[in-house]
Structure formats: C-alpha cells, structure tokens
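Q: I am attaching a structure below and will ask some questions about it afterwards.
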Amino acid sequence: MSPDALLLQLHIQKASFQECVDQGMWGIQPGYDQMQQWPVVVIWVQALPKSNCPERYYFRFDLQGYPAVPPTACPWNINTNARLENALWPKGNCLVSKTFNYNWNANALYTPCDRVAMIGHDIWKTQFPDLWWQSDFTIGIYLHFLHGLLNSSDYARS
Amino acid sequence: MNKIQVYIHGENLPESRLIDVPEKATTTEIIEIYLRESGNGAGKPEEWLIFLEEETEPRPNEFVLTDQEIKAKSHFHFHRCKTIATTIFYNGEDKFFHFAPSTKANHILKKALEAFGIKEVDAGDFRLKLDDKRVLNPNERIGSFAMHSHCSVKLYLTDKKPIHG
C-alpha cells in the first residue's frame, strides 16, 4: 500500500473519525474501505431530511498524495457509478450552492479544502484559515465541512 | 477478563482516543488506564474525575460501572475540573455558562443560540470557535480545551460565511 493510502487508513481508524461513523454522520462506501481503488475513495455524508432529497450524499474523493496534497471531491451517483447529475446536486440559497456549484466546475467543490478550488484563491488562506488545506489536516476537516453544509438551515429551507 | 474498546476524552487531550478497558471495571481503574494511555500523567489519580456520556456529575471513585455504563464504544471524559466556566462572545455581547467537562459542542451551541435569542432552527448556520480561530466540531467536548489551572474557556459564536471570491 502506498504511503498516502496508509496515512488515510491511519486517519480513518482514529477515534475522531470513528465517532462520526458511529453517529451516522459519514462512512466509507463498501468496496473502498480497504483502499481497493486508491487514490479514489467514495465517502457518504449524512444530510438533513428534505423532501425529494436523499438522506446521504456520496462523494468521490481523489486522495492522491494525501495529506500533503489537498483532496478534491465530486458528488457521485452510487447507482450509476458516475458523476452525480447536476439536477441532483445539493441546493441552498446561500451557503450550499456556493460550494456545490457545477457551473464553476462540474467535477469539484468550491471550498478552501479542495485542491481544484484552492487554485487562484489565496485570499481564502486568511478568510477561512480553518478550511484552507494544510498538510497536517485529516479528511475529517473536509467531511465536517460537508456535513455542516448538508445539515444547515440553508440546505433545509431550499 | 474480556476487554472492550471505549472512547476517552480529557483535559489537554484535544483529540479523542479509543482504548481497551476491562469489561468490568471501577471508575478508579478506568482513570488509571486513562492516565497511562493518554500520557496525561499530571496530578494524582484521585484528583481526576470521570464523567459518563451526557452526565453532568462525575461518578465517585471506586464506583463499579454497570453493563450499560461500560460497553463497547462508550464515551468517558476525564478532568480535574468539575465544571468549565465558559464565556461565549457574539456580536459585541458575552454570555456566561458553567458546563460539565463532558458537554459536547453541539449542546453548547444550542445553549448559546438560546441565550443570544437566535432560533434553534438556524443552529446549522452557526458555529463555535476557540480563541485561536479553531472551529469546534459538534462532537468535541468542552473539557478537552480547558486546563486544570483555570477551568475556563472562551468561545466565539460566529455565523458560517458563504465561500466566494
């Protein structure tokens, strides 16, 4: 197993990650939990109940070089094993749609912890210091951010 | 004796851990295991308090825990402070609380919103930060960020800002 895959495995075994799994906040999709398809790992994140929306959203993470290299993630359709169709991306009037913005990029999320979005957004380093990816971060940072969005009133009300 | 894995949270232990403890143990035995496993050797075992999940009062020393209280994936919090004096700042005002060290950030957030007159339905749009700009995750316990020397924490209630730019 490559060093980056080993590090992810170490991080997901930590109590801080496992506690959130125990509480149903997120989980590694079966078939990816032993890093079988590295550097791709599909992780689901729980969302607030909402009419015509799923209880979980799946994200295809590319974790090449983790954690020194920031992750990148894309909403994923677990049934078709393809990128989630635009119409099914999470929506919100303010917070949610800023991050889940397929018009900006159909294959990444607009967030300071995504390596695709970080390019050209150095100002986020000072605006969002808790999210601007650092090499000592763990995947939990990205997942807590997604969970926070999918459990916000912005998501619930849209 | 069989062992089970439980979560530990504690003073000066910002990140929780999973450790092995005997299936049947007293509070004192678990404290001793905690001090050994966490490397948190400060003070004597008898100075440390143990809190069970969602309990605001510590359990007495030498207390035998029941099967329901000590099972796989139970949470225990260890601290030398019985309560944490917590000041929360928001919009130029501050509110003062006392929380058990085992109190989770999501519970503190609810209390803060209530105190500042913000609707609970909007809770998901707010978060708590420590004074070093670190955001508290919902499951983190307040005691993990308070030292015995002062038994207090300052928090900042902030609203989540949309990512733009």
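Q: If you scan region A:27-82, which residues turn out to be open to solvent by 20 Å² or more (accessible area, probe 1.4 Å), in a loop (DSSP other than H, G, I, E, B) and touching a Ser or Thr at 6+ places or on another chain (Cβ under 7 Å)?
A: Hits for region A:27-82 are A:Trp38, A:Ala68.
Each row is one residue, and each column tells you yes or no for (1) buried (at least 20 other Cβ atoms within 10 Å of the Cβ); (2) under 22 Å from B:Asp125 (Cβ atoms).
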| site | (1), (2) |
| --- | --- |
| A:Asn105 | no, no |
| A:Asp122 | no, no |
| A:Phe128 | no, yes |
| A:Phe137 | no, no |
| A:Leu150 | yes, yes |
| A:Ala156 | no, yes |
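Q: In region B:30-69, which residues are β-branched (Val, Ile, Thr), surrounded by fewer than 14 Cβ atoms within 10 Å (Cβ to Cβ) and not in a loop (DSSP other than H, G, I, E, B)?
A: Within region B:30-69, B:Val64 is the sole residue that qualifies.
Q: Quick one: would you say B:Phe97 is among the hydrophobic types (A, V, I, L, M, F, W, C) and buried (at least 17 other Cβ atoms within 10 Å of the Cβ)?
A: Yes: the conditions hold for B:Phe97.
Q: Report yes if B:Gly117 is within 30 Å of A:Ala108 (Cα to Cα) and assigned to a loop (DSSP other than H, G, I, E, B), otherwise no.
A: No, not satisfied.
Q: Please determine whether any residue of region B:9-26 is open to solvent by 30 Å² or more (accessible area, probe 1.4 Å) and polar (S, T, N, Q).
A: There is at least one residue in region B:9-26 that is open to solvent by 30 Å² or more (accessible area, probe 1.4 Å) and polar (S, T, N, Q).
Q: Could you tell me whether A:Gly148 is outside any loop (DSSP other than H, G, I, E, B), within 15 Å of the chain's Cα centre (by Cα), on the phi < 0 side of the Ramachandran plot and touching a residue at least 60 places away in the same chain (Cβ under 8 Å)?
A: For A:Gly148, the condition - outside any loop (DSSP other than H, G, I, E, B), within 15 Å of the chain's Cα centre (by Cα), on the phi < 0 side of the Ramachandran plot and touching a residue at least 60 places away in the same chain (Cβ under 8 Å) - is not met.
Q: Considering only region B:128-138, state which residues are within 7 Å of another protein chain (Cβ to nearest Cβ) and either assigned to a helix (DSSP H, G or I) or crowded, with 20+ Cβ neighbours inside 10 Å (or both).
A: Within region B:128-138, B:Val135, B:Asn137 meet the criteria.
Q: Output the number of the condition that A:Trp133 fails; it satisfies all remaining conditions of (1) assigned to a helix (DSSP H, G or I); (2) closer than 20 Å to B:Arg134 by Cβ.
A: The number of the failed condition is (1).
Q: Further question on the same structure: Could you run through region B:77-90 and say how many residues are farther than 11 Å from B:Pro101 by Cβ and open to solvent by less than 10 Å² (accessible area, probe 1.4 Å)?
A: Number of matching residues: 1.
The values are calculated or read from the model by the stated rules, or taken from the named source; none is laboratory data. What you see is a predicted model; the values in this text were computed from it and never measured. Counting neighbours? That spans all protein chains shown, and the Cβs are built from the backbone with ideal geometry, glycine included. Heavy atoms of the whole protein, side chains included, go into the accessibility calculation; ligands, DNA and RNA do not. Shrake-Rupley method; radii C 1.70, N 1.55, O 1.52, S 1.80 Å.
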